[in-house]
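See structure below.
The values are calculated or read from the model by the stated rules, or taken from the named source; none is laboratory data. Please read all numbers here as calculations on a predicted model, not as lab measurements. Positions of Cβ are backbone-derived with ideal geometry, glycine not excepted, and every protein chain shown enters the neighbour counts. Surface accessibility is based on the protein's heavy atoms, side chains included, excluding ligands, DNA and RNA. Shrake-Rupley method; radii C 1.70, N 1.55, O 1.52, S 1.80 Å.
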Amino acid sequence: MPASDFSIDGLVIRVRESGDNDRLVTILTKERGRLTFMAKGARSLRCRYMPACNPYVFASYALHAKGTGFWLREATVTES
């Protein structure tokens, strides 16, 4: 992974809708505390990481730091 990419495990504590198909997801992590990232297309039924962007789901997230925010690259559900 490039230097601006990293993986982290966390529990989804807040989900806000942004635009037509996007979500702003806030997770609680052991390493970084509360972290918010943009999940492009996460409201679409065909999105591969939609299940990991629902409230109270514990998952592993691959994030990309872009500007002052974070963007979701990949997600895998650990527990729901």
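Against the criterion of solvent-accessible heavy-atom surface with a 1.4 angstrom probe, ARG46, ARG23 sort, most first, into ARG46, ARG23. Mean separation of Cα pairs under 8 Å and 6 or more residues apart, divided by the residue count, gives the chain a relative contact order of 31 percent. Only one residue of CYS47, THR29, GLY19 has its Cα farthest out toward the positive end of the dipole of the chain, where Lys and Arg carry +1 and Asp and Glu -1 on Cβ, and that residue is GLY19.
Pick from ALA65, ALA42, ALA52: which residue has the top mean-square fluctuation in a GNM of the chain where Cα pairs under 10 Å get a spring? With Cα springs under 10 Å in the chain, the top fluctuation among ALA65, ALA42, ALA52 is at ALA65.
Decide, for the chain, between rounded, prolate and oblate: order the square roots of the alpha carbon gyration tensor eigenvalues as a ≥ b ≥ c, take rounded if a/c falls under 1.5, and otherwise choose prolate if a/b is larger than b/c, else oblate. Rounded is the answer for the chain, as its axis ratio a/c remains below 1.5. In this view, the solvent-accessible surface of PHE58, computed with a 1.4 Å probe and all protein chains in place, comes to about 70 Å².
If the chain linking ASP5 and ASN54 were pulled fully straight, counting 0.36 nm for each residue of separation and taking away their Cα-Cα distance, it would gain 15.4 nm. Surface calculation, 1.4 Å probe, protein heavy atoms: THR68 sits at approximately 150 Å² accessible.
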